[in-house]
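Q: One structure, pasted below without further comment.
The values are calculated or read from the model by the stated rules, or taken from the named source; none is laboratory data. Please read these numbers as outputs of a predicted model, since none were measured by experiment. Ideal geometry is used to build each Cβ from the backbone, glycine not excepted, and the neighbour counts take in all protein chains shown.
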Amino acid sequence: MKSVQGKIVIITGASSGIGAATAKELSRRGATVVLAARRQSELDQLAREINSTGGIALAVQTDASKSEDLKHLVTTTIEHFGRIDVLYNNAGIGDEGPLAAMTDAGLERIVATNLLAPIRLSREVLPHMQRQRSGHIISTGSVASHIASPGLYSMTKFALRGFSDALRREVWRSGIHVSLVSPGFIRTAMTKGLKLPMPGPEAVALAVVGLIERPRREVVVPSFYRPLILLAKLWPWLADTITSRMRLFEPKD
Ligand SMILES: NC(=O)c1ccc[n+]([C@@H]2O[C@H](COP(=O)([O-])OP(=O)(O)OC[C@H]3O[C@@H](n4cnc5c(N)ncnc54)[C@H](OP(=O)(O)O)[C@@H]3O)[C@@H](O)[C@H]2O)c1
(Lines give C-alpha, C1' and ligand atoms only; values in the text may rest on other atoms or scores of the structure.)
Protein backbone atom coordinates (compact mmCIF):
# COMPACT_ATOMS: atom_id res chain seq x y z
CA MET A 1 0.00 0.00 0.00
CA LYS A 2 1.32 3.48 -0.91
CA SER A 3 1.40 6.26 1.66
CA VAL A 4 -0.01 9.78 1.39
CA GLN A 5 2.79 11.06 3.64
CA GLY A 6 5.14 13.48 1.82
CA LYS A 7 3.20 13.51 -1.45
CA ILE A 8 2.89 16.78 -3.41
CA VAL A 9 -0.78 17.06 -4.39
CA ILE A 10 -2.49 19.67 -6.60
CA ILE A 11 -6.22 20.00 -5.81
CA THR A 12 -8.51 22.06 -8.03
CA GLY A 13 -11.77 23.32 -6.58
CA ALA A 14 -10.08 23.48 -3.17
CA SER A 15 -11.94 26.58 -1.96
CA SER A 16 -15.01 24.64 -0.78
CA GLY A 17 -16.86 21.33 -0.55
CA ILE A 18 -15.11 18.15 -1.66
CA GLY A 19 -11.85 19.87 -2.64
CA ALA A 20 -11.46 21.66 0.71
CA ALA A 21 -12.34 18.51 2.69
CA THR A 22 -9.81 16.49 0.65
CA ALA A 23 -7.08 19.11 1.19
CA LYS A 24 -7.63 18.92 4.96
CA GLU A 25 -7.66 15.12 5.03
CA LEU A 26 -4.53 14.78 2.86
CA SER A 27 -2.59 17.39 4.82
CA ARG A 28 -3.63 15.73 8.09
CA ARG A 29 -1.96 12.60 6.72
CA GLY A 30 1.26 14.42 5.84
CA ALA A 31 0.78 15.46 2.20
CA THR A 32 1.78 18.89 0.88
CA VAL A 33 -1.26 20.44 -0.80
CA VAL A 34 -1.41 23.04 -3.57
CA LEU A 35 -4.84 24.64 -3.41
CA ALA A 36 -6.39 25.96 -6.65
CA ALA A 37 -9.67 27.80 -7.25
CA ARG A 38 -10.89 31.28 -8.20
CA ARG A 39 -11.80 32.58 -4.71
CA GLN A 40 -8.49 33.79 -3.30
CA SER A 41 -9.80 34.63 0.19
CA GLU A 42 -11.23 31.11 0.75
CA LEU A 43 -7.98 29.56 -0.49
CA ASP A 44 -5.86 31.81 1.74
CA GLN A 45 -8.01 30.99 4.75
CA LEU A 46 -7.69 27.24 4.15
CA ALA A 47 -3.93 27.52 3.56
CA ARG A 48 -3.57 29.47 6.83
CA GLU A 49 -5.59 26.83 8.70
CA ILE A 50 -3.44 23.99 7.33
CA ASN A 51 -0.10 25.79 7.78
CA SER A 52 -0.95 26.83 11.35
CA THR A 53 -1.57 23.20 12.33
CA GLY A 54 1.77 21.92 11.06
CA GLY A 55 0.82 21.09 7.48
CA ILE A 56 2.16 22.58 4.24
CA ALA A 57 -0.30 24.30 1.89
CA LEU A 58 0.21 26.74 -0.97
CA ALA A 59 -2.72 28.73 -2.38
CA VAL A 60 -2.58 29.47 -6.12
CA GLN A 61 -5.52 31.45 -7.46
CA THR A 62 -6.60 29.65 -10.64
CA ASP A 63 -9.49 29.96 -13.05
CA ALA A 64 -9.66 26.41 -14.38
CA SER A 65 -11.40 27.59 -17.55
CA LYS A 66 -8.24 29.55 -18.52
CA SER A 67 -5.37 27.60 -20.06
CA GLU A 68 -2.74 30.15 -18.92
CA ASP A 69 -3.90 29.84 -15.28
CA LEU A 70 -3.51 26.06 -15.44
CA LYS A 71 0.03 26.35 -16.82
CA HIS A 72 0.84 28.84 -14.04
CA LEU A 73 -0.53 26.41 -11.41
CA VAL A 74 1.79 23.65 -12.61
CA THR A 75 4.92 25.83 -12.98
CA THR A 76 4.32 27.38 -9.53
CA THR A 77 4.03 23.90 -7.98
CA ILE A 78 7.26 22.76 -9.63
CA GLU A 79 9.09 25.97 -8.61
CA HIS A 80 8.07 25.48 -4.97
CA PHE A 81 8.23 21.71 -4.53
CA GLY A 82 10.14 20.28 -7.54
CA ARG A 83 7.64 17.49 -8.30
CA ILE A 84 3.96 16.59 -8.60
CA ASP A 85 2.85 13.26 -7.16
CA VAL A 86 -0.91 13.62 -7.43
CA LEU A 87 -3.17 15.83 -9.53
CA TYR A 88 -6.73 15.89 -8.23
CA ASN A 89 -8.99 17.36 -10.93
CA ASN A 90 -11.99 18.30 -8.83
CA ALA A 91 -13.22 21.79 -9.82
CA GLY A 92 -16.67 21.66 -11.35
CA ILE A 93 -19.84 23.61 -11.92
CA GLY A 94 -23.47 22.57 -12.36
CA ASP A 95 -25.96 23.37 -15.08
CA GLU A 96 -27.28 26.91 -15.49
CA GLY A 97 -30.53 25.72 -17.07
CA PRO A 98 -32.01 23.51 -19.79
CA LEU A 99 -30.10 23.31 -23.07
CA ALA A 100 -32.50 25.47 -25.09
CA ALA A 101 -32.02 28.35 -22.63
CA MET A 102 -28.22 28.25 -22.46
CA THR A 103 -26.03 30.99 -23.92
CA ASP A 104 -22.80 30.30 -25.82
CA ALA A 105 -20.86 31.65 -22.82
CA GLY A 106 -22.70 29.25 -20.49
CA LEU A 107 -22.03 26.27 -22.76
CA GLU A 108 -18.37 27.15 -23.02
CA ARG A 109 -18.03 27.73 -19.25
CA ILE A 110 -19.32 24.30 -18.26
CA VAL A 111 -17.30 22.41 -20.88
CA ALA A 112 -14.13 24.42 -20.13
CA THR A 113 -14.40 23.95 -16.35
CA ASN A 114 -15.65 20.37 -16.07
CA LEU A 115 -13.92 18.78 -19.06
CA LEU A 116 -11.24 20.87 -20.79
CA ALA A 117 -9.57 21.87 -17.51
CA PRO A 118 -8.89 18.27 -16.36
CA ILE A 119 -7.63 17.40 -19.85
CA ARG A 120 -5.36 20.47 -20.03
CA LEU A 121 -4.03 20.04 -16.49
CA SER A 122 -3.33 16.35 -17.09
CA ARG A 123 -1.37 17.32 -20.21
CA GLU A 124 0.63 19.87 -18.19
CA VAL A 125 1.53 17.47 -15.34
CA LEU A 126 2.29 14.42 -17.51
CA PRO A 127 5.83 15.44 -18.58
CA HIS A 128 6.75 15.89 -14.90
CA MET A 129 5.20 12.55 -13.90
CA GLN A 130 6.87 10.85 -16.87
CA ARG A 131 10.23 12.28 -15.80
CA GLN A 132 9.60 11.05 -12.24
CA ARG A 133 8.29 7.69 -13.60
CA SER A 134 5.49 7.99 -11.06
CA GLY A 135 2.33 9.98 -10.45
CA HIS A 136 -1.42 9.72 -10.05
CA ILE A 137 -4.15 11.68 -11.84
CA ILE A 138 -7.52 11.50 -10.08
CA SER A 139 -10.64 13.25 -11.36
CA THR A 140 -14.03 13.83 -9.77
CA GLY A 141 -16.61 12.18 -11.98
CA SER A 142 -20.09 11.53 -10.67
CA VAL A 143 -22.82 8.94 -10.59
CA ALA A 144 -23.98 11.19 -13.47
CA SER A 145 -20.88 9.86 -15.35
CA HIS A 146 -22.88 6.59 -15.62
CA ILE A 147 -26.54 7.56 -15.40
CA ALA A 148 -27.32 10.56 -17.59
CA SER A 149 -29.42 13.27 -15.99
CA PRO A 150 -30.99 16.16 -17.90
CA GLY A 151 -28.53 18.95 -18.76
CA LEU A 152 -24.96 19.38 -19.95
CA TYR A 153 -23.36 18.66 -16.56
CA SER A 154 -23.95 14.94 -16.94
CA MET A 155 -22.54 15.01 -20.48
CA THR A 156 -19.28 16.57 -19.19
CA LYS A 157 -19.04 13.93 -16.46
CA PHE A 158 -19.61 11.08 -18.97
CA ALA A 159 -16.82 12.52 -21.11
CA LEU A 160 -14.53 12.89 -18.09
CA ARG A 161 -14.98 9.17 -17.34
CA GLY A 162 -14.11 8.39 -20.97
CA PHE A 163 -11.04 10.62 -20.75
CA SER A 164 -9.92 9.00 -17.50
CA ASP A 165 -10.24 5.47 -18.97
CA ALA A 166 -8.47 6.46 -22.20
CA LEU A 167 -5.60 8.18 -20.37
CA ARG A 168 -5.15 5.19 -18.05
CA ARG A 169 -4.68 2.97 -21.10
CA GLU A 170 -2.34 5.53 -22.72
CA VAL A 171 0.04 5.64 -19.72
CA TRP A 172 -0.41 1.98 -18.69
CA ARG A 173 2.76 0.52 -17.10
CA SER A 174 4.57 3.89 -17.09
CA GLY A 175 4.29 4.18 -13.30
CA ILE A 176 1.44 6.71 -13.65
CA HIS A 177 -2.01 5.82 -12.31
CA VAL A 178 -5.29 7.33 -13.49
CA SER A 179 -8.48 7.09 -11.43
CA LEU A 180 -11.98 8.46 -11.16
CA VAL A 181 -13.87 9.13 -7.94
CA SER A 182 -17.61 9.18 -8.66
CA PRO A 183 -19.76 10.69 -5.93
CA GLY A 184 -23.51 10.47 -5.64
CA PHE A 185 -25.31 13.36 -3.94
CA ILE A 186 -22.93 14.95 -1.42
CA ARG A 187 -23.74 17.83 0.95
CA THR A 188 -21.87 20.83 -0.52
CA ALA A 189 -22.71 24.22 -2.05
CA MET A 190 -23.53 22.38 -5.29
CA THR A 191 -26.44 20.51 -3.70
CA LYS A 192 -27.61 23.39 -1.49
CA GLY A 193 -31.38 23.32 -1.27
CA LEU A 194 -31.73 19.63 -2.19
CA LYS A 195 -33.86 18.03 0.49
CA LEU A 196 -32.20 14.61 0.62
CA PRO A 197 -30.14 12.85 3.26
CA MET A 198 -26.56 13.13 1.98
CA PRO A 199 -23.09 12.34 3.31
CA GLY A 200 -20.68 15.23 3.81
CA PRO A 201 -17.68 15.91 1.55
CA GLU A 202 -15.40 14.06 4.01
CA ALA A 203 -16.73 10.77 2.56
CA VAL A 204 -15.25 11.67 -0.84
CA ALA A 205 -12.02 12.90 0.78
CA LEU A 206 -11.55 9.45 2.35
CA ALA A 207 -12.25 7.79 -1.00
CA VAL A 208 -9.50 9.93 -2.58
CA VAL A 209 -7.09 8.93 0.21
CA GLY A 210 -8.03 5.29 -0.48
CA LEU A 211 -7.30 5.72 -4.20
CA ILE A 212 -3.86 7.22 -3.53
CA GLU A 213 -3.03 4.38 -1.14
CA ARG A 214 -4.38 1.68 -3.47
CA PRO A 215 -4.82 2.97 -7.04
CA ARG A 216 -7.91 1.64 -8.86
CA ARG A 217 -9.90 2.57 -11.96
CA GLU A 218 -12.87 4.04 -10.10
CA VAL A 219 -14.50 4.40 -6.71
CA VAL A 220 -18.22 5.17 -6.40
CA VAL A 221 -19.09 6.92 -3.13
CA PRO A 222 -21.34 6.13 -1.29
CA SER A 223 -21.11 2.55 -2.56
CA PHE A 224 -24.89 2.01 -2.52
CA TYR A 225 -24.99 3.85 -5.88
CA ARG A 226 -23.11 0.93 -7.51
CA PRO A 227 -26.17 -1.35 -7.90
CA LEU A 228 -28.17 1.64 -9.22
CA ILE A 229 -25.52 2.19 -11.92
CA LEU A 230 -25.73 -1.49 -12.84
CA LEU A 231 -29.56 -1.35 -12.98
CA ALA A 232 -29.45 1.74 -15.24
CA LYS A 233 -27.11 -0.10 -17.63
CA LEU A 234 -29.22 -3.26 -17.63
CA TRP A 235 -32.56 -1.45 -18.04
CA PRO A 236 -31.93 1.96 -19.64
CA TRP A 237 -35.69 2.45 -20.18
CA LEU A 238 -36.12 2.42 -16.40
CA ALA A 239 -33.39 5.06 -16.03
CA ASP A 240 -35.14 7.13 -18.76
CA THR A 241 -38.40 7.01 -16.82
CA ILE A 242 -36.89 7.96 -13.47
CA THR A 243 -34.34 10.60 -14.52
CA SER A 244 -36.76 12.38 -16.87
CA ARG A 245 -38.85 13.15 -13.77
CA MET A 246 -35.96 14.87 -12.01
CA ARG A 247 -36.86 18.55 -11.70
CA LEU A 248 -33.31 19.78 -11.95
CA PHE A 249 -34.05 23.17 -13.43
CA GLU A 250 -36.72 24.30 -11.01
CA PRO A 251 -35.97 26.41 -7.93
CA LYS A 252 -35.21 24.06 -5.02
CA ASP A 253 -35.99 26.33 -2.08
N1 LIG B 1 -21.89 17.67 -4.42
C2 LIG B 1 -22.29 16.65 -5.15
O3 LIG B 1 -23.38 16.08 -4.93
C4 LIG B 1 -21.42 16.14 -6.26
C5 LIG B 1 -21.76 14.89 -6.83
C6 LIG B 1 -20.97 14.40 -7.86
C7 LIG B 1 -19.87 15.11 -8.28
N8 LIG B 1 -19.57 16.31 -7.72
C9 LIG B 1 -18.40 17.02 -8.22
O10 LIG B 1 -17.55 17.33 -7.16
C11 LIG B 1 -16.72 18.43 -7.52
C12 LIG B 1 -16.66 19.44 -6.38
O13 LIG B 1 -17.95 19.99 -6.18
P14 LIG B 1 -18.56 20.26 -4.73
O15 LIG B 1 -19.72 19.38 -4.58
O16 LIG B 1 -17.48 20.23 -3.72
O17 LIG B 1 -19.15 21.72 -4.93
P18 LIG B 1 -18.58 23.17 -4.51
O19 LIG B 1 -18.46 23.27 -3.05
O20 LIG B 1 -19.44 24.12 -5.26
O21 LIG B 1 -17.12 23.19 -5.11
C22 LIG B 1 -16.84 23.47 -6.45
C23 LIG B 1 -15.40 23.91 -6.49
O24 LIG B 1 -15.03 24.11 -7.87
C25 LIG B 1 -14.38 25.36 -7.95
N26 LIG B 1 -14.54 25.94 -9.28
C27 LIG B 1 -15.68 26.16 -9.98
N28 LIG B 1 -15.39 26.79 -11.14
C29 LIG B 1 -14.04 26.96 -11.16
C30 LIG B 1 -13.14 27.56 -12.07
N31 LIG B 1 -13.54 28.11 -13.23
N32 LIG B 1 -11.83 27.57 -11.77
C33 LIG B 1 -11.37 27.03 -10.61
N34 LIG B 1 -12.17 26.45 -9.71
C35 LIG B 1 -13.50 26.42 -9.97
C36 LIG B 1 -15.03 26.23 -6.88
O37 LIG B 1 -14.12 27.25 -6.49
P38 LIG B 1 -14.24 28.81 -6.89
O39 LIG B 1 -15.68 29.15 -6.99
O40 LIG B 1 -13.52 29.49 -5.77
O41 LIG B 1 -13.50 28.93 -8.18
C42 LIG B 1 -15.18 25.22 -5.75
O43 LIG B 1 -13.99 25.14 -5.00
C44 LIG B 1 -17.31 18.98 -8.82
O45 LIG B 1 -16.55 18.52 -9.92
C46 LIG B 1 -18.68 18.36 -8.86
O47 LIG B 1 -19.16 18.22 -10.17
C48 LIG B 1 -20.32 16.84 -6.71
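Q: Report, by residue number, each residue of region 131-143 that is surrounded by fewer than 22 Cβ atoms within 10 Å (Cβ to Cβ) and either farther than 28 Å from S3 by Cα or within 8 Å of the ligand (Cβ to nearest atom) (or both).
A: Within region 131-143, V143 is the sole residue that qualifies.
Q: Given the criteria more than 18 Å from the chain's Cα centre (by Cα), within 11 Å of the ligand (Cβ to nearest atom) and modelled with pLDDT under 95, does L248 qualify?
A: In short, no.
Q: For V9, indicate whether it is free of Cβ contacts under 8 Å to residues at least 60 places away in the same chain, within 18 Å of the chain's Cα centre (by Cα) and not in a helix (DSSP H, G or I). Step through it out loud before you land on a result.
A: Values: free of Cβ contacts under 8 Å to residues at least 60 places away in the same chain: no; within 18 Å of the chain's Cα centre (by Cα): yes; not in a helix (DSSP H, G or I): yes.
Here the answer is no, as V9 does not meet what is asked.
Q: Sticking with this structure for a sec: Output the qualifying pairs, or none if there are none: Cβ atoms under 7 angstrom, residues six or more apart or on different chains, first residue in region 58-77 and closer than 10 Å to L35 by Cα and near the ligand (Cβ under 10 Å from one of its atoms), second residue part of a helix (DSSP H, G or I) and modelled with pLDDT of 95 or more.
A: Q61/Q40; Q61/L43; T62/D69; T62/L70; T62/L73
Q: Would you tally the residues in region 28-45 being within 16 Å of the ligand (Cβ to nearest atom) and either in contact with a Gly (Cβ under 9 Å, 6 or more places away or on another chain) or small (G, A, S) (or both)? Before you say what the answer is, go through the steps one by one.
A: Filtering region 28-45 for residues within 16 Å of the ligand (Cβ to nearest atom) gives 33-45.
Imposing the further condition that a residue be either in contact with a Gly (Cβ under 9 Å, 6 or more places away or on another chain) or small (G, A, S) (or both) reduces the set to 33, 35-37, 41.
Residues that pass the stated criteria total 5.
Q: A further question on this structure: Only residues that are more than 18 Å from the chain's Cα centre (by Cα), more than 9 Å from the ligand (Cβ to nearest atom) and not in a helix (DSSP H, G or I): list them for region 158-195, please.
A: V171, W172, R173, S174, G175, G193, K195, listed by residue number.
Q: While we're on this one: Which residue out of K66, K7, K71 is in contact with a strand residue (DSSP E or B) (Cβ under 7 Å, 6 or more places away or on another chain), charged (D, E, K, R) and within 20 Å of L126 (Cβ to Cβ)? Let's see the steps before the verdict.
A: Numbers: K66 fails: in contact with a strand residue (DSSP E or B) (Cβ under 7 Å, 6 or more places away or on another chain); K71 fails: in contact with a strand residue (DSSP E or B) (Cβ under 7 Å, 6 or more places away or on another chain).
Of K66, K7, K71, the one residue that is in contact with a strand residue (DSSP E or B) (Cβ under 7 Å, 6 or more places away or on another chain), charged (D, E, K, R) and within 20 Å of L126 (Cβ to Cβ) is K7.
Q: Identify all residues within region 24-47 that are assigned to a helix (DSSP H, G or I) and free of Cβ contacts under 8 Å to residues at least 60 places away in the same chain; write none if there are none.
A: Correct list: S27, R28, Q40, S41, E42, L43, D44, Q45, L46, A47.
Q: If I ask for residues that are outside any loop (DSSP other than H, G, I, E, B) and surrounded by fewer than 23 Cβ atoms within 10 Å (Cβ to Cβ), which ones from region 75-101 would you list?
A: T75, T76, I78, E79, H80, F81, L99, A100, A101, listed by residue number.
Q: Against the condition at pLDDT 95 or above and part of a helix (DSSP H, G or I), how does G54 come out, does it pass?
A: So G54 fails the test.
Q: Go through region 46-57 and give me each residue that's away from the ligand (no atom under 16 Å from the Cβ) and β-branched (V, I, T).
A: Of everything in region 46-57, those that are away from the ligand (no atom under 16 Å from the Cβ) and β-branched (V, I, T) turn out to be T53, I56.
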